[in-house]
Amino acid sequence: MPPVNSKPEWPYPKVRHFPGRLERFGYRTYNWLENRTWPVRPLPFLSAVTAATAFQVKDVGIQGLKEDMQQLIKPLAISIGSVYTTVFLLRRFLKYFYFSYKQYLFENPKKPSIRTILWGALRKVLLSIAPPQLSSCDRLLPNLPLPALQDTVDRYVRSMKHFMSEEDYSHLVLMSKDFTAKEGRSLQRYAWILHKFTDCYVTSLWEKYIYMAGRYPLLINSSVAQCTMYGPSELIQAYQVARLLYIETIANLALDRQKYMAVGDGLMSTRHYKNIYNGCRIPGKEYDHFEWNKPARHSVLVNEGTWYKVNICDERGNLYTVDQLAKIVAEMMSRNDKSTGFLSKIASLTTDRRTEWSENRRKFFLENKHNQRLLHTIETAQFVISVDGDLNWGVTSAEQLSKYMKDMLTGNGVNRWVDKTMNYAVDASGRAGATGEHSPCDGAELDHLCENVLNVDKQILVAPSTEEQLERIQLREEDKKTLKLAEKLDFEIVDGMETEIHRCYDQHQKATDDLHLHSLAFIDFGKGLVKKCGISPDGFVQLAIQLANYHDQGKFVLTYEPGSVRFFANTRTETLRPVTDASCEFVKAMMNEETTQKQRRDLLKEACKVHVNNCKEVMTGKGVDRHLFVLCVLAKGLGYSSPFLEHYASQKWLLSTSNIPNMTNSVDEDASEDKIMLGASFGAVAQDGYGICYRFAGDRAIMVHISSYHSSPATDSDRFARHLREAFYSLANLFNEEPMNNNVTKSVCV
């Protein structure tokens, strides 16, 4: 957190000009070399090569080199080889003795080992002499380790005993032994080969078969909602849209220049950040694929079902200012050229199942040259912004907050181009949120993006008064001469389009109506109180979720929580299984009136301790599920029949949870309730399960968004929220001298 009186700084360099081809070639070449020589910078590297070459040819002289340039080639080759060999050996040392070291995670920070002390000292030296750029260290990260087959199988079997009868569990044990003795050995050998010849043996298969092979509609099933601050917006709608265009254009160019913050000081993979902007998921008959595009000079806006191309710079590449963009946006909103009829719902085609959308994309767009050009404009745009009407935002009730968060997740069926990684939405009140497509990147990357947006928008850029904003958005005659106004994307009607648009729109409305989302803004206490109690904040919430679910369902269920494995190259996530022996003992103790407060408190501490240790195990590559997933894919591809793997693949995650991390700590959420960020939400994975996304809003609040489906008689998001709120108090009261209630918060922990 910056000092109170310090002036906030942009999280990335500001630029005023869109790079031309030559400029972009120059900085991408520099970064290409940077990513292969760090911690030696390109200029010192080239200087060393030049000096070594000059030393070898000093007796030849300038005249000699002019007469025979071949005398330079051999010394130059020797210099490059010798200098790079030195750099290569340094990088090998860093890869295997610096980036691979993780033992500090398991040590007491107050009593570190000698090796950890030396590792920490080396880290300080590296950060002082060569602060890494976004991807400087990506090639130095170790490969994700391949766990031993027996270890993975044993961990999985142990994790399942709380969800099965004794008879079924005994059968699972027998299946696991048969698997490790037979087909498991062969499949492990194939996994070992895959592990040795790729930087990550999981990611390519994970992206293809978990995301790109999915034939379901993306909204609700694959999308993630990102929301803005709790407090009111100071900006009118047109000005807020302009600010988003401006901020995210600079962020896009900073990312392309590799000037985004190096995550974890370079210790974590940043491979998927490039997919946030400009790219697009392309539907296919059997598999989708992701297309990355270079930074675009335009974004796409949708207003009242009408799509527009908006340039973010003039013909000479000068970026438009916020005020100039605001004029363009306001002029677009004031037009009377809005699409009518079914063409105003054309984006509903993207909400369809992927195979059907692939076919409609071909018929209605690719086979029509005019529509193909407009489709290319959308798919190559930086991002999409929906300029919405009044979403009836308000924080006076959970119902209003839930409606807003639900809209961020589902849209209204016509205002999201679902294939784009980022769809922003700004309502009539000026409040902004976003819908993110999950396949090209994970929640941590999307959250990093949103935190930077909020930091710049709310803390760095000045908010003019409403009167000033209204004055600045006025488009004058001289502005028309210098600004490129929004270009309407006027789609042509193709036979069959109307029927398909209506079908897709109606289908999405049914799915939206079925989604039951409850947003719980728990502002009575947050991780500040939890940390005073000496337990893990994430462990606290996970145990509260388990207790709430037991009240709700009367049993323990298979629970998913993503764990970070980004210490390793080209990785995404691993599954952290929060249901453990310790967590179940705690929940049972809370349900048993005969247990004492001390017994419950001790069991909670132990369960949180186990949870933290499991998190660290996952972070160091000792997870279960990605290994078993790869074995499942290999078994299917190679024609193996495996009852054990079939059982594993058939299990449903009835509780799917996710903790949205704070990536930058750039927003002081403890300053006021207005600065609390609402967090994210996603749809429940199982039809009869829950999806629970939560984040800690500084030390003062916990934001939780709970999803389920009205069509399931087993679930009810409102009911679960009540159980979870009670669970928060029940756990906190184990550490308080006086019980807390909904109106009074005690923060004295024993």
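Picking from 595, 571, which residue would you name as being under 29 Å from residue 140 (Cα atoms), part of a loop (DSSP other than H, G, I, E, B) and of a type in the set (S, T, N, Q)? Reasoning before the result, please.
On the way: 595 fails: under 29 Å from residue 140 (Cα atoms).
Result of the check over 595, 571: 571.
Conditions tested, residue by residue: (1) of a type in the set (D, E, K, R); (2) buried (at least 18 other Cβ atoms within 10 Å of the Cβ).
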| position | (1), (2) |
| --- | --- |
| 553 | no, yes |
| 556 | no, yes |
| 561 | yes, yes |
| 564 | no, yes |
| 568 | no, yes |
| 577 | yes, yes |
| 589 | no, yes |
| 596 | no, no |
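Scanning the stretch 493-505 for residues that are surrounded by 13 or more Cβ atoms within 10 Å (Cβ to Cβ) and acidic (Asp, Glu), we see that the one that is farthest from residue 335 (Cα to Cα) is 500. Of all residues in the stretch 139-161, those that are in a helix (DSSP H, G or I) and not small (Gly, Ala, Ser) total 13.
Among the residues of the stretch 284-295, is any among the basic types (Lys, Arg) and closer than 21 Å to residue 417 by Cβ?
yes
Considering the stretch 327-369, the residues that are small (Gly, Ala, Ser) and over 29 Å from the mean Cα position of the chain (by Cα) include one that is nearest to residue 410 (Cα to Cα), namely 344. Being closer than 13 Å to residue 383 by Cα and either surrounded by fewer than 21 Cβ atoms within 10 Å (Cβ to Cβ) or of a type in the set (Ser, Thr, Tyr) (or both) holds for only one residue in 239, 273, 287, 246, and it is 246.
Looking at the stretch 404-522, none of the helices (runs of 4 or more DSSP H) lying wholly inside it contains 1 or more residues that are of a type in the set (A, V, I, L, M, F, W, C) and free of Cβ contacts under 8 Å to residues at least 24 places away in the same chain.
Exactly one residue among 471, 478, 445 is of a type outside the set (A, V, I, L, M), assigned by TED's automatic domain parsing to the domain that holds residue 373 and under 30 Å from residue 698 (Cβ atoms), and that residue is 445.
Within the stretch 415-435, none of the residues are of a type in the set (Val, Ile, Thr) and surrounded by fewer than 24 Cβ atoms within 10 Å (Cβ to Cβ).
Can you go through 186, 165, 176, 204 and tell me which one is of a type in the set (Gly, Ala, Ser) and closer than 13 Å to residue 647 by Cβ?
On the way: 186 fails: closer than 13 Å to residue 647 by Cβ; 165 fails: closer than 13 Å to residue 647 by Cβ; 204 fails: closer than 13 Å to residue 647 by Cβ.
Going through 186, 165, 176, 204 in turn, just one is of a type in the set (Gly, Ala, Ser) and closer than 13 Å to residue 647 by Cβ: 176.
Just to verify a result, which residue in the stretch 30-42, among those that are in a helix (DSSP H, G or I) and of a type outside the set (S, T, N, Q), is surrounded by the fewest Cβ atoms within 10 Å (Cβ to Cβ)? Among residues in the stretch 30-42 that are in a helix (DSSP H, G or I) and of a type outside the set (S, T, N, Q), the one surrounded by the fewest Cβ atoms within 10 Å (Cβ to Cβ) is 32. Among the residues of the stretch 211-269, those identified as hydroxyl-bearing (Ser, Thr, Tyr) and either closer than 21 Å to residue 418 by Cα or part of a loop (DSSP other than H, G, I, E, B) (or both) are 211, 216, 222, 223, 228, 230, 233, 249, 260, 269. Considering the stretch 43-64, the residues that are surrounded by 13 or more Cβ atoms within 10 Å (Cβ to Cβ) and not in a helix (DSSP H, G or I) include one that is modelled with the lowest pLDDT, namely 60. Search the stretch 292-313 for residues being touching a strand residue (DSSP E or B) at 6+ places or on another chain (Cβ under 7 Å) and farther than 13 Å from residue 383 by Cα, and hand back the single one that is surrounded by the fewest Cβ atoms within 10 Å (Cβ to Cβ). Per the stated criteria, the residue is 313. Mind listing whichever residues of the stretch 523-568 are of a type in the set (Phe, Trp, Tyr) and in a loop (DSSP other than H, G, I, E, B)? Answer for the stretch 523-568, where residues must be of a type in the set (Phe, Trp, Tyr) and in a loop (DSSP other than H, G, I, E, B): 525, 556, 567, 568. One residue stands out among those in the stretch 701-733 that are in a strand (DSSP E or B) and not β-branched (Val, Ile, Thr): the one that is surrounded by the fewest Cβ atoms within 10 Å (Cβ to Cβ), which is 709.
I need the full set of residues from the stretch 318-352 which are surrounded by fewer than 17 Cβ atoms within 10 Å (Cβ to Cβ) and over 22 Å from residue 241 (Cβ atoms), in order please. Those that are surrounded by fewer than 17 Cβ atoms within 10 Å (Cβ to Cβ) and over 22 Å from residue 241 (Cβ atoms): 340, 341. On the basis of being more than 16 Å from residue 276 (Cβ to Cβ) and either of a type in the set (Gly, Ala, Ser) or at pLDDT 90 or above (or both), does residue 436 make the cut? Answer is no for this residue.
Residues are listed down the side, and each one gets a yes or a no for (1) in contact with a Lys or Arg (Cβ under 9 Å, 6 or more places away or on another chain); (2) not assigned by TED's automatic domain parsing to the domain that holds residue 548:
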{"residue": "598", "(1), (2)": "no, no"}
{"residue": "602", "(1), (2)": "no, no"}
{"residue": "613", "(1), (2)": "no, no"}
{"residue": "616", "(1), (2)": "yes, no"}
{"residue": "639", "(1), (2)": "no, yes"}
{"residue": "643", "(1), (2)": "no, yes"}
{"residue": "646", "(1), (2)": "no, yes"}
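Here are 483, 543, 517: which of them is surrounded by 21 or more Cβ atoms within 10 Å (Cβ to Cβ), closer than 30 Å to residue 338 by Cβ and either modelled with pLDDT of 95 or more or over 28 Å from the mean Cα position of the chain (by Cα) (or both)? Even if it seems obvious, please write down each step before you answer.
On the way: 483 fails: surrounded by 21 or more Cβ atoms within 10 Å (Cβ to Cβ); 543 fails: closer than 30 Å to residue 338 by Cβ.
Result: 517 is the single residue among 483, 543, 517 that is surrounded by 21 or more Cβ atoms within 10 Å (Cβ to Cβ), closer than 30 Å to residue 338 by Cβ and either modelled with pLDDT of 95 or more or over 28 Å from the mean Cα position of the chain (by Cα) (or both).
Note on the stretch 284-316: residues that are over 21 Å from the mean Cα position of the chain (by Cα) and in a loop (DSSP other than H, G, I, E, B) amount to 12.
Screening residue 636 on (1) surrounded by fewer than 18 Cβ atoms within 10 Å (Cβ to Cβ); (2) in a strand (DSSP E or B) shows it passes everything except condition (2).
Has the stretch 177-192 got any residue that is touching a residue at least 40 places away in the same chain (Cβ under 8 Å), in a loop (DSSP other than H, G, I, E, B), under 31 Å from the mean Cα position of the chain (by Cα) and surrounded by fewer than 17 Cβ atoms within 10 Å (Cβ to Cβ)? Scanning the stretch 177-192, I find no residue that is touching a residue at least 40 places away in the same chain (Cβ under 8 Å), in a loop (DSSP other than H, G, I, E, B), under 31 Å from the mean Cα position of the chain (by Cα) and surrounded by fewer than 17 Cβ atoms within 10 Å (Cβ to Cβ), so the answer is no.
The values are calculated or read from the model by the stated rules, or taken from the named source; none is laboratory data. Everything numeric in this text was worked out from a predicted model, so none of it was measured. All Cβ positions, even for glycine, are placed from backbone atoms using ideal geometry, and neighbour counts span all protein chains on display.
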